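The values are calculated or read from the model by the stated rules, or taken from the named source; none is laboratory data. Small disclaimer: the values here were computed from a predicted structure and weren't measured. Every residue, glycine among them, receives a Cβ derived from its backbone with ideal geometry; neighbour counts consider all protein chains shown. Please note that ligands, DNA and RNA were not included when accessible areas were found on the heavy atoms of the full protein model with its side chains. Shrake-Rupley method; radii C 1.70, N 1.55, O 1.52, S 1.80 Å.
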Amino acid sequence: MKPSDSAVPNATAGRPRVLAAVLCIGVSLVAVLATTRFCYRPDPVDSPWTDGVAPTARAIVQGQTAALATATDPDGATARMRRSNPEWDFMGRTFLVMALGEVALRDAASAPANFRVVDRIVRDTLEVESTKGPRAFLMAYAKGRPYRVQPARSLFVDGELAMMLGVECRVARAAGATNDPAALAAAAGLRARVAQIEESLAKAGDGFAESYPDECWIFDHAFALAALRLADRELGSDHDALSRRWLARAKVALREPATGLPYSAFTIEGRPSEGPEGSSVWLAAHLFGAVDPAFARELYSKSKLHLARGFLGFAWSREWPPSLRTREDIDSGVVVPGVDASPSASGLVMIAAASFGDRAFLSELRTSLEFAGFPIRDGNGLRYAASNGVGDAVLLYALVVGPMWREIAAPEGKP
Amino acid sequence: MIDFRRHAGPRGRWFLPWTRWATPRGLVIRAALLLAGSLAVRLLGWREAMSFLSMTPAPGLALGGTMFRGVAYLVLHMGAVILAPSLLGGAALLWIWNRVRPRAGDSSA
């Protein structure tokens, strides 16, 4: 090294030297920022548009099913997740089941094994519901006051359980196991759950169905409508008129005027309690795609306008539109300061981007994930340190969504 | 071996290389420290503590040590990924700068 480093600086040399150093670091920083994305950008083959199952998806499936194989929750991950939010345990099951359904249709050889795993998850979920009650999957404030509509039902629980049961029926067909006792039980369970959703929506009348006491969510209604659509495919029922009526009402009553996005939460009468949130609207856009594709695409476009952000090949989602920002909560997760990136919204947006064929956006979202999600690859597959079980299941679903979803959303053609 | 005294600033104390950062070697040392710090927290298994990001920010929830380790990991990892290459690149540019633009009182060229 040059003797420069040993030279004692003098007053005249110090300032130019510092300015030169700052300039050099600045130029270098710009170059690093501009090229970092290339280190984290996913392989184009590793996407939901690949034939078969993307390698990353396979690795996550391995990690998720390995966790299921140990019923004792040895590292306490599920228990920690439940302590933070019992909903995450439930939603993690739902997204994993939906992902396994997609995997079964992408890789026919995996269908029998996936059918068994899906059945195990569904049976365990139903058992928890029957022994501990549906509120076992809800946050504590569900017990704080009574539901306005009695007997109390949560559309959150009923909608996602109907989805799980519907997927089990579909996977059973893919596995050639429709006469399996588990498949027959799933079909019966789906019928009962659909009847329950019909009853909840009917009791709501011109209003909306509760997930928590006097708290209704666009997320849960979207799940319920998509589950009804799946049930129509699997059971031969027809809920098109019901869905159309609900959507017509919601498009008017739940529209936030400044953005055109739907409110996330509202009372039975439709009075808003939470504004548009990325953690709700992205998934709602995906799920509404099963019942009203034009409305879903419009919702996706508006959400992208108000919530999607990007920089130098990285992309993420805000939880709230800039004009409607509010305080962080359990749904937003820890919002990254400066860029307003919400972990939950940035995860769920991947499902929407995948299902609407937004390849460039999904690639940028995944670049951000690989950069800031801290993937851990080991003998148990792949998981993300900055995520949790439900986050990994969401990502898995985003990577495999395709054949089953297209079938559900198809305008015609009952099985 | 790094002779810290050779990097000492006007006051000549042993830790003064930290004040004399605007040299190629000073930048390389800082990049190396960031990389070493990142490696250390990784070896300590603190990567797992990034799970604090997926936990609730609700008031009163004691994330305590998990959050501390997670933030330490995040800072050092991002430092190693973004800042260390920038410092190394800056050091290279500064070295070239010193070669082509010698300045009075600075014999680096």
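Tabulated results
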quantity	calculated
For region A:387-392, Karplus couplings with θ = phi - 60° (6.51, -1.76, 1.60), whole Hz, Gly/Pro x	10, 8, x, 6, x, 5
Top of A:Pro403, A:Pro146, A:Pro86 by mean-square fluctuation, Gaussian network on chain A, Cα under 10 Å	A:Pro146
Spatial separation of Cα centroids for region A:79-146 and region A:335-406, in angstrom	19 Å
Among A:Leu399, A:Leu23, A:Leu184: highest mean-square fluctuation, GNM of chain A, C-alpha pairs under 10 Å	A:Leu23
Lys, Arg +1 and Asp, Glu -1 on Cβ, resulting dipole of the protein assembly as shown about Cα centre, debye, nearest 20	2580 debye
Estimated [θ] at 222 nm from DSSP helical runs (n ≥ 4, -39500 (n - 2.57)) normalised by residues in chain A, nearest 500	-19500 deg cm²/dmol
Accessible area in square angstrom per residue, region A:80-409, 1.4 angstrom probe	36 Å²
Projected-area average for the protein assembly as shown over all orientations - Cα convex hull basis, square nanometres	27.3 nm²
Candidate aspartates and glutamates - alpha carbon under 20 Å from A:Lys132, same-chain residues fewer than 8 apart omitted	A:Asp73, A:Glu87, A:Asp89, A:Asp119, A:Asp124, A:Asp158, A:Glu160, A:Glu210
Candidates A:Leu305, A:Leu201, A:Leu261, ranked by Gaussian network fluctuation over chain A, Cα under 10 Å, top entry	A:Leu305
Summed residue charge, Cβ within 13 Å of A:Lys302's Cβ, Lys/Arg positive, Asp/Glu negative	+2
At 0.692 mPa s and 37 °C, Stokes D of region A:330-415 from Kirkwood alpha-carbon radius, µm² per second	231 µm²/s
